[in-house]
Structure formats: structure tokens, C-alpha cells
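Input: a single structure, listed below in C-alpha cells.
Any read-out appearing in this document is the output of simple, stated calculations on the displayed coordinates, not a laboratory observation. Owing to the predicted nature of the structure, the values given are computational and were not obtained by experimental measurement. We place every Cβ from the backbone using ideal geometry, glycine too, and count neighbours over all the protein chains shown.
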Amino acid sequence: MSFLKLRTRDLGKLIPLGRVSLQRKLATSAKPNSNPDIHFTRLFINNEFVDAKSGKTFETLNPASGKPIARIAEADSTDVDLAVKAAKEAFKLGSPWRRSDGAYRGFLLNKLADLMERDAAHLAALESLDNGKPYHIALNVDVPGSIANLR
């Protein structure tokens, strides 16, 4: 079993990651950006960002302050049906994704993991802002765990 050694003074434990090995230098930014840029508030369906079909949005709040963070597209059953249809199409026999080999799919997943590593501090700040989780846990546990799952 592989382990991730967390390198913060608050978290010095070994966390099992199953058969995944994550070898990277964790970011050490002690203070998060308390007002990170929020780039995407729309739904991601069929490889593009779209508004909810109903046009509805909801306000997401910072649980620590109660202040608004952003307005986010609110999916309903119509949007879910479109997303499920797009996912099924992506996996149909003969589709580009289905025709791609495992090496190419792995390359894409690793590229996503690389981008998440690059933007780890930003992702952790967003996670902390959205759910009130301590920043250092989002930065040193959640983001690396997501990266490990992709690899």
C-alpha cells in the first residue's frame, strides 16, 4: 500500500492511498486567497459550459461569514437528462472516446492531474471558501487526494 506523507506542522500523519502513489511537493502556502477568482459558474454538459435550461441559479454562501460567494447554475431534471445523454453518447461504440486507446485516456487524465497540481492553491482556496474547511486540509489532503485518484 502506498502512502502520502503530509508535510505540514498540523498534519504529519500517513494517509493510505490504496495502490496509488502520489509523489509531489505539496504547496506550503499558509494563508489562502480569501477572495479567489471564480471562473466557471455554469453547468458542464457535453464538453461545454452552459446555463441551466430553466435559467435558474442559486447563491452559494461562505459558511464562515454567510456572505455570498457566487451565483451558480441550478441544474434540474432536464439538465441531468442532457448530461446523461451526452455521457451515454460518449461511450457508444464508434464514438471518439470509445475509439481512443487507454494510453491516450491516461494521458488526458494525467494532464488534468498536472493542471490541478499547478492550480492546487487556487482549488484549495475555492474548496475552503465554499464549505468552510480549513485551507491547509483542502490544500494538503483534498486536492492531492483528487490528483491521486486521477493518476
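In a simple Cβ point-charge model (Lys, Arg +1; Asp, Glu -1; nothing else charged), region 37-96 has a dipole of about 60 debye relative to its Cα centre. Name the residue from GLY66, SER77, THR41 whose Cα lies farthest towards the positive end of the charge dipole of region 31-80, charges +1 on Cβ of Lys and Arg and -1 on Cβ of Asp and Glu. Among GLY66, SER77, THR41, the one farthest towards the positive end of the dipole of region 31-80 is GLY66. Database remark: amide H of LYS56 closer than 5 angstrom to the amide H of GLU74 (H placed geometrically; neighbours at sequence offset of 5 or more, or on other chains; Pro and chain starts carry no H). Computed 3J(HN,Hα) for region 41-54, one whole-Hz value per residue from the Karplus formula 6.51 cos²θ - 1.76 cosθ + 1.60 where θ = phi - 60°, is 10, 9, 7, 10, 9, 6, 6, 8, 7, 9, 6, 4, 4, 6, glycine and proline marked x.
Among the listed pairs LYS88/LYS111; LYS92/LYS133; LYS56/LYS88; LYS111/LYS133, those with a Cα-Cα distance over 31 Å are LYS92/LYS133. Across every direction, the projection of the convex hull enclosing the Cα atoms of region 37-96 has a mean area of 5.3 nm². For region 107-113, the Karplus equation 6.51 cos²θ - 1.76 cosθ + 1.60, evaluated at θ = phi - 60°, returns couplings of 4, 5, 5, 5, 5, 4, 4 Hz by residue, with Gly and Pro reported as x. Backbone phi angles across region 126-136, fed through the Karplus curve with coefficients 6.51, -1.76 and 1.60 (θ = phi - 60°), yield HN-Hα couplings of 5, 4, 5, 5, 6, 10, x, 5, x, 4, 5 Hz in residue order; Gly and Pro are listed as x.
In a simple Cβ point-charge model (Lys, Arg +1; Asp, Glu -1; nothing else charged), region 28-151 has a dipole of about 300 debye relative to its Cα centre.
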